[in-house]
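Structure first, commentary second.
The values are calculated or read from the model by the stated rules, or taken from the named source; none is laboratory data. The model shown is predicted, which means the values in this text are computed figures rather than measured ones. Neighbour counts run over all protein chains shown; Cβ positions are idealised from the backbone, glycine included.
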Amino acid sequence: MRETPYYRIEERLLRNNLALIRRTADEADVEFILAFKAFALWKTFFIFRDYIAHTTASSPNEARLAFEEFGSKAHTYSPAYEDKDFDTIMRCSSHITFNSLQQFEHFYPRIVENGKLISCGLRINPQYSEIETTLYNPCAPGSRFGILAEQLPDKLPEGIEGFHCHNHCESSAEALVHTLEHVEVRFAKWLPKIKWLNLGGGHLLTRKDYDVRLLIDTLKSFKARYPQLHLILEPGSAFAWQTGDLFASVVDIVENDGIKTAILNVSFTCHMPDCLEMPYWPAIRGAETLEPPQATGHEREPYVYRLGGNSCLSGDFMGYWRFEQPLQIGDTIRFSDMIHYTTVKTNMFNGIPHPSLVLLRENGEEELLRRFGYEDYRDRMD
């Protein structure tokens, strides 16, 4: 049995998601690209290349990952580019989206000097989003993301070929319908004049209850109104949705005021940060999740536990879960759906050992992609 902790992604499940995304792209005549901010396990890129051709980056390092490891130039967007990084951005990008007219005006001469080999766009803000968590809402009032319609000149600057709009987060096809309505209301006079429209991420088409038919029909209808537009979608979660888990072990069990906490060899703040940020309570194999206020009155029941991380941060715990039997030291805890966003947002706070990365191949064999050690923690402090 493999030593915990480790993240394990399953090739079969990943290919199932990729096949659905590819079929959707073909039928809707659009392009889907992978957002590295949600998934960047580069040793699995050989699987992705069977289904998609491009990726999206938001930093010089992500752009390099696209060019050097995925094997194609990135569609790059950043809230603000720095002069010292822009040569790398240009070398590794086929598309560059600017967050402000000021940034475009500053950097476009360098793109011209480079031979105009890059397609440039502007991030627009439709001032509409159905995201309820402010932390993830790029269109909240006062957002630093995107240009408002009233801030655009009637004639777009020379060199602008596309728009980029992002206002979804694990959203439905209905949300895209509403988004496009707002985009058309606010930006209709420019849409016939551009070559491409990037609709960002958050399109969770691999979730079981997602209306893929509505997505396809909506995109086809929009393209019929603007036939010159190349439509691009860059989901992150959809690619790796429900493709793998985080395996941990119970190290100790403590009790305080009748509340039992199983201390694990992983950490919420280090290895599952979105759980604390959103917050959300991850599903655990063999346990019932008791979210507040559902947990009220059940906290001290025999099989009900909090789970605590093995760090010294007081808030590094979540609760509650009801297990089928009392937990024992050494038991395996399997957190479901812990690949997208989780693996890219981990940190080494407190020197807590980082989970290994494992790929479960279609033939049933496990392949160790990476084991982390003391040197990984130490070398970050050089």
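In segment 54-106, the residue that is farthest from Leu197 (Cα to Cα) out of those that are under 18 Å from the mean Cα position of the chain (by Cα) and assigned to a loop (DSSP other than H, G, I, E, B) is Ser59. Taking segment 123-137 as the range and being surrounded by 13 or more Cβ atoms within 10 Å (Cβ to Cβ) and either closer than 30 Å to Val112 by Cα or hydrophobic (A, V, I, L, M, F, W, C) (or both) as the test, the residues that pass are Arg123, Ile124, Asn125, Pro126, Ile131.
Residue-by-condition table, conditions (1) under 25 Å from Ala38 (Cα atoms); (2) in contact with a Phe, Trp or Tyr (Cβ under 9 Å, 6 or more places away or on another chain); (3) among the basic types (Lys, Arg):
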residue: Pro293; (1), (2), (3): no, no, no
residue: Ser336; (1), (2), (3): yes, no, no
residue: Asn350; (1), (2), (3): yes, no, no
residue: Val358; (1), (2), (3): yes, yes, no
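The one condition from (1) under 26 Å from the mean Cα position of the chain (by Cα); (2) in the same structural domain as Trp190 (by TED's automatic domain parsing) that Leu276 does not meet is (2).
Each row is one residue, and each column tells you yes or no for (1) surrounded by fewer than 19 Cβ atoms within 10 Å (Cβ to Cβ); (2) aromatic (Phe, Trp, Tyr); (3) closer than 26 Å to Met1 by Cβ; (4) over 19 Å from the mean Cα position of the chain (by Cα).
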| position | (1), (2), (3), (4) |
| --- | --- |
| Glu324 | yes, no, yes, yes |
| Gln328 | yes, no, yes, yes |
| Asp331 | yes, no, yes, yes |
| Arg334 | yes, no, yes, yes |
| Ile339 | no, no, yes, no |
| Lys345 | yes, no, no, no |
| Met348 | yes, no, yes, yes |
| Gly351 | yes, no, yes, yes |
| Leu357 | no, no, yes, no |
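Just one residue in the set Ala35, Ala80, Ala25 is under 22 Å from Ile111 (Cβ atoms) and modelled with pLDDT of 95 or more; that residue is Ala80. Total residues in segment 117-142 satisfying the condition of being touching a residue at least 12 places away in the same chain (Cβ under 8 Å) and either over 19 Å from Ala74 (Cβ atoms) or among the charged types (D, E, K, R) (or both): the figure is 15.
Please specify each residue of segment 40-51 satisfying the condition of being part of a loop (DSSP other than H, G, I, E, B) and over 21 Å from Ile89 (Cβ atoms).
Within segment 40-51, Leu41, Arg49, Asp50, Tyr51 meet the criteria.
A quick yes/no check of all residues on (1) closer than 25 Å to His54 by Cβ; (2) without any contact (Cβ under 8 Å) to a residue 40 or more places away in the chain; (3) touching a helix residue (DSSP H, G or I) at 6+ places or on another chain (Cβ under 8 Å):
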{"residue": "Met90", "(1), (2), (3)": "yes, yes, yes"}
{"residue": "Gly115", "(1), (2), (3)": "yes, yes, no"}
{"residue": "Arg144", "(1), (2), (3)": "no, no, no"}
{"residue": "Asp154", "(1), (2), (3)": "no, yes, no"}
{"residue": "Ile160", "(1), (2), (3)": "yes, no, yes"}
{"residue": "Phe163", "(1), (2), (3)": "yes, no, yes"}
{"residue": "Glu174", "(1), (2), (3)": "no, no, yes"}
{"residue": "Thr179", "(1), (2), (3)": "yes, no, no"}
